[in-house]
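Remarks on the structure that follows.
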Amino acid sequence: MSVSRLFVEADLAAGIEAPLGKAQVHYLRHVMRRPDGAPLRLFNGRDGEWQAMLSGRGKKSAVAEVGERTRPQVVEPDVWLCFAPVKRARIDYIAEKATELGASVLQPVLTRHTAVERVNVERLRANAIEAAEQTERLSVPDVRKPVDLARLLAGWPDGRRLLLCDETGGGPPIAEVLGGLDDAARAAPWAIVVGPEGGFAEEELTALRRIRDVMAVGLGPRILRADTAALAALACWQALVGDWRQPTPRLSADYRTSRVTV
Ligand code: SAH
């Protein structure tokens, strides 16, 4: 039997009872058919990962009795993904895949040519949690409310580098730019910014290029859809700047067999 891995809000420590949400209890009992006493693994983005046991508290509720810690919390790359909202299936795809690829923040950005203005942040968050549970991440990206591009840039944090994916500017290739960074630049906080399906407006590109630590790059000769561009850029960033530069950790046999299969 595989071990279900769940994200919880509660602090985690040996011997405590972590509350489980209604949806989690329903999922464990009725989707996964887990009996009381079933093993779980829990993480909350702060305290590492813990073994736990499902323990019923009446018909509809249950808690997780927390046991030993299985992994300590690690520092993960600080890379935001700023993207223009797209249609439902594609934005869900961005949330899931960017979580797998290790983005720390998912920031929907409204631009002149953004076709979709309404974003269901709760649904995106649920997608991110599910992806984090599946992917052995110890954190869930912070899914933020949509913000206008001008506003985002006006409050741009000092020192956060901005990797601008620009299909119009004849910019240098992404690998050349990221491959040439020094240690200080690699250790800095980053953000990847990708435009909407209709592209950035000229004045938006001008405003983006005015940010102090901006680097405009190209992703090859083909025009990619916004979701493809976002994930391709994130993969390049992880490979050249982020945690894909480390060897993959050796995982115990337990990790290989304990994927949550829904
Ligand atoms: N300007 C185009 C398409 C925009 S593609 C149009 O008018 O239809 C959506 C976004 O993906 C772009 O804003 C850019 O951020 C990114 N993108 C797509 N292909 C790219 C490439 N080859 N290089 C860099 N960025 C790219």
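Residues whose amide H falls under 5 Å from that of Val143, counting only those 5 or more places apart or on a different chain, are Leu106, with hydrogens built in the peptide plane. Think of the chain as having a plus end and a minus end, set by charges on the Cβ of Lys, Arg, Asp and Glu; of Ala103, Ala132, Gly170, Ala132 sits farthest toward the positive end of this dipole.
Placing +1 on the Cβ of every Lys and Arg and -1 on the Cβ of every Asp and Glu, with no other charges, gives the stretch 79-245 a dipole of roughly 280 debye about its Cα centre.
Taking every full run of DSSP H in the chain, none both stretches at least 30 Å from end to end by Cα along its long axis and averages -1.0 or higher on the Kyte-Doolittle scale. Taking amide hydrogens as placed 1.01 Å from N in the peptide plane, the amide H of Asp148 sits under 5 Å from those of Leu110, each at least 5 positions away in sequence or on another chain. Here the stretch 165-214 is treated with +1 on each Lys and Arg Cβ and -1 on each Asp and Glu Cβ, and its dipole about the Cα centre works out to around 200 debye.
The stretch 3-71 gives an Rg/Rh value of 0.93, both radii derived from C-alpha positions and Rh following Kirkwood. DSSP finds beta bridges in the chain, and of those with both partners inside it, around 35 percent are antiparallel. Take 234-246, 13-25 and order them by the average number of nearby Cβ atoms within 10 Å per residue, most first; the result is 234-246, 13-25.
At R0 = 30 Å, how high is the FRET efficiency between Leu224 and Arg151 if r is their beta carbon distance? Nearest 0.05 is fine. Efficiency, rounded to the nearest 0.05: 0.70. The length gained by stretching the chain between Asn120 and Glu17 to full extension, at 0.36 nm per residue less their Cα-Cα distance, is 34.0 nm.
Projected over every direction and averaged, the convex hull enclosing the alpha-carbon atoms of the chain yields 14.8 nm². The number of Lys pairs in the chain with C-alpha atoms less than 29 Å apart, excluding pairs fewer than 8 positions apart on the same chain, is 8. In this structure, the amide hydrogen of Val86, modeled 1.01 Å from its nitrogen in the peptide plane, lies closer than 5 angstrom to those of Ile91, counting only residues at least 5 positions away or on a different chain. In a simple Cβ point-charge model (Lys, Arg +1; Asp, Glu -1; nothing else charged), the stretch 3-71 has a dipole of about 380 debye relative to its Cα centre.
Every number in this text was worked out from the coordinates using simple rules, so none of it is lab data. Being a predicted model, the structure only gives us computed values, none of them experimental. Every residue, glycine as well, gets a Cβ built from its backbone with ideal geometry; the counts of neighbours run over all protein chains shown.
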